[in-house]
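First up is the structure itself, then whatever we jot down about it.
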Amino acid sequence: MKIFVQRNGQQFGPYPVPAAQQYLSQGTLLPQDLARMEGSAAPWIALSQLLAQAGLPSPAGSGANPFKQALHDLKAIDLRLIFPWRAITSKSNLQDRRLVTLSAIGLAPLFALALGPVVSLAYWAIALYFSALWALFFYYLFRTPQVVPRLCFLCFFFTGLVSITALLALQEVPPWSLLYGLAKSGNFLARAVGMLAGVGFHEELCKAAILFWLVRRPGNLLIPQTVVFYGMISGLGFGIHEGVVYQRTVNREQAVDVAYFLDIARLTSLPFLHAIWTGVAGYFISFAALFPGKKYALWMIGILIPATLHGVYDIFGLSFVGLATALCSVTLLITYLANCQRMQQHLSTP
């Protein structure tokens, strides 16, 4: 009497019953493998079930005490496979990108929270963590061979430190202080003017400042996709900085649940939107460098479009109009990138 065995659609055997039992005890065959007797037209069933129906002893279910069997098996396992201390402490682990990446992404927030006694540092550490995640995400989607890590850091920190500092100083000087004051007005029209001409315009100009320098460096001709990427990194720097400020001020004045959700938004979608808007600005600024004869019009468009999107979103927030504006912002950027060649052909005409 012989047995056919089937696994993953492949048929093996036939095996004499003693051989099948031996292979089962060795682990070469498994209890859940499908099996049937040679010459039989019966349906395929589990090997352990087939042996039981035939009244044959199955090593996998011979009635041995499971606890004793487990102890026996544990003694047979080499502990160096369970606790490979030499491999764990080896310097070669640092060369395994999976280990470094998993540790950085999974454990960085815990290390940031360990700074709890120094609250300000913990806020910034967590903000930088989310910044790194967004930057990696943007790099995966928008990287080009021209992207230089050093310039990515420059865009992020220049905007997050220098440009924002200049913007905050500007807010205290008339007539800009008047525009920012209107943004807090209870009157819808006055608030709309403040959000569009004050907040939207000046913040987008602040985020795009570094891009005007990048595209004008001697000996460097950046393609639009590269400038868009740098713009997104610059916008990310602004959004994260703004997020930490709001988390430590405005958000704390809200109810616990509201503050919790606002904190999440300030680390995720809102920095993302800032990045999208500055990416749109970068698109037009890049073409202004490629076609200097039309730079003034392209500069104006490059600031006014994201400023308008930014202002409208701030006016309406999480309402239907605000969310539609956010989706429109992302759609515009992707559409612009898909039409780079058409834009270049259009600008080439006199």
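Readers should treat all values here as calculations from the given coordinates under stated rules, not as data from a laboratory. Just so we're clear, the structure is a prediction, and the values are computed from it rather than from any experiment. With ideal geometry, Cβ positions are generated from the backbone for all residues, glycine too; neighbour counts draw on all protein chains shown.
Let me know the whole percent of all Cα-Cα pairs from the range 1-143 that are separated by more than 19 Å.
71
Could you list 67, 4, 212 in order of exposure, starting from the residue whose Cβ has the fewest other Cβ atoms within 10 Å?
The most exposed by this proxy come first: 67, 212, 4.
As a check on your grasp of the helix formula, calculate [θ] at 222 nm for the chain: sum -39500 (n - 2.57) over DSSP H runs of n ≥ 4, divide by the residue count, round to the nearest 500.
The helix contribution divided over the chain gives -20500 deg cm²/dmol.
Explain nothing, just compute: Karplus ³J(HN,Hα) = 6.51 cos²θ - 1.76 cosθ + 1.60, θ = phi - 60°, for every residue of the range 44-49 in order, whole Hz, x for Gly and Pro.
5, 9, 4, 4, 5, 5
What residues have an amide H closer than 5 Å to that of residue 36, excluding those fewer than 5 places away on the same chain, when H is modeled at 1.01 Å from N in the peptide plane?
Residues meeting the amide H criterion: 4.
Stokes-Einstein D for the chain at 4 °C, 1.567 mPa s, Kirkwood Rh over Cα pairs, in µm²/s? The partial results should precede the final answer.
Values: Rh = 25.4 Å.
Here the translational diffusion coefficient equals 51 µm²/s.
Provide 335, 165 in ascending order of the number of other Cβ atoms located within 10 Å of each residue's Cβ, fewest first.
In increasing order of surrounding Cβ atoms, one gets 335, 165.
Report, in degrees rounded to the nearest 10, the 0 to 90 angle that the Cα long axis of helix 224-248 makes with the longest principal axis of the chain.
Taking the Cα atoms of the chain, the angle to 224-248 is about 90 degrees.
Could you work out the percent of alpha carbon pairs in the range 2-77 separated by over 22 Å, rounded to a whole number? Please list the in-between numbers first.
Numbers: 709 of 2850 pairs.
Value for the range 2-77: 25 percent of Cα pairs lie more than 22 Å apart.
Taking H placed 1.01 Å from N in the peptide plane, check which residues at least 5 places from residue 7 or on another chain put their amide H under 5 Å from its amide H.
Amide H neighbours of residue 7: 12.
Which value in Å does the Kirkwood hydrodynamic radius of the range 171-296 take, with 1/r averaged over all unlike C-alpha pairs and then inverted?
Kirkwood hydrodynamic radius for the range 171-296: 16.1 Å.
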